Amino acid sequence: VITRHGKNGAVLFISPAAQGLFGARVSDLMGHGLFDRVHVADRPAYLSALADAASLGQPQSVEFRVQRPQGPVDTAIEFVWLEMRCRPLDGADERNGREVVAVMHDVSDRKHQEQALEEARAESERANAAKTRFLATMSHELRTPLNAIIGFSEMLMNEEQMRLDAARRREYAQLINDSGNHLLAVVNGILDMSKMETGDFEITPE
């Protein structure tokens, strides 16, 4: 779509291709009709590009969203991304300000791809963070019973020096057994999670 803009970005001319791009009659886009369809959050950037092109006399580029009806029902509205490249129009009457000519085209597909890549990157970062938390938790869950097993088994190995009686030996053996069972339960839980991720986990109704 080719447009020509005057003071304050008002549309003085717009090519017939606008009807297909904006889903509106060309006459409805004249003046500030196009501006009214620009997403509220993008209006400052849209006007700034036109104003800079007119005042600085240099080409400008901006991307913004405009609303477009999805169907015959006026309430069904979607926003499409446009890229606009504009530059001052040489030889135009500058008494009311330099005019600007602009070319707009739909870049929604590229924007959607960028959004999908950004979402995939964010999901990857969340997965890495979850993996880090998982490893930190598992290291604690594994080290605690292992320390108990090693510590109490060393005491039993040195029972003569420690002068352990039968009751104390049974207590330490029970602690080692409890720690070993806890460690086995943790490892089984990790293996079950791995089976769930690969779809190999078998459910046994009880």
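The values are calculated or read from the model by the stated rules, or taken from the named source; none is laboratory data. Here the structure is a predicted model, which is why all the values come from computation and not from measurement. Cβ: placed from backbone, ideal geometry, glycine included. Neighbour counts: every protein chain shown. For accessibility, only protein heavy atoms count, side chains too; no ligands or nucleic acids. Shrake-Rupley method; radii C 1.70, N 1.55, O 1.52, S 1.80 Å.
Selection of segment 1-26 for residues being within 14 Å of C86 (Cβ to Cβ) and buried (at least 18 other Cβ atoms within 10 Å of the Cβ) yields V1, T3, H5, G6, G9, V11, I14.
For segment 27-60, a residue qualifies if it is surrounded by fewer than 17 Cβ atoms within 10 Å (Cβ to Cβ), more than 33 Å from the chain's Cα centre (by Cα) and touching a residue at least 12 places away in the same chain (Cβ under 8 Å), and the qualifying residues are M30, G31, H32, S55, G57, Q58. For segment 183-192, the criterion of being modelled with pLDDT of 90 or more and assigned to a loop (DSSP other than H, G, I, E, B) is met by no residue.
Could you please let me know if H112 is more than 25 Å from A17 (Cα to Cα) and loosely packed, with under 12 Cβ neighbours inside 10 Å? Answer is no for this residue.
Filtering segment 1-31 to residues that are of a type in the set (V, I, T) and in a helix (DSSP H, G or I) leaves only V26.
Within segment 61-78, the residues that satisfy the criterion of being touching a residue at least 40 places away in the same chain (Cβ under 8 Å) and under 12 Å from G23 (Cβ atoms) are V66, R68, P69. For the criterion of being over 30 Å from G9 (Cα atoms), surrounded by fewer than 12 Cβ atoms within 10 Å (Cβ to Cβ) and out of contact with any Pro (no Cβ under 9 Å at 6 or more places or on another chain), N128 passes. Scanning segment 97-114 for residues that are part of a strand (DSSP E or B) and among the β-branched types (V, I, T) yields V100, V101, V103.
Candidates I203, I176: the one that is under 18 Å from T144 (Cα atoms) and either exposed (fewer than 13 other Cβ atoms within 10 Å of the Cβ) or at pLDDT 90 or above (or both) is I176. Would you say M138 is touching a residue at least 24 places away in the same chain (Cβ under 8 Å), over 30 Å from A51 (Cβ atoms) and surrounded by 10 or more Cβ atoms within 10 Å (Cβ to Cβ)? In short, yes. In segment 186-200, the residues that are farther than 11 Å from M138 by Cα reach residues that are open to solvent by 60 Å² or more (accessible area, probe 1.4 Å) with C-beta atoms within less than 8 angstrom, at least six apart or across chains, in these pairs: D192/F201; K195/F201; K195/E202.
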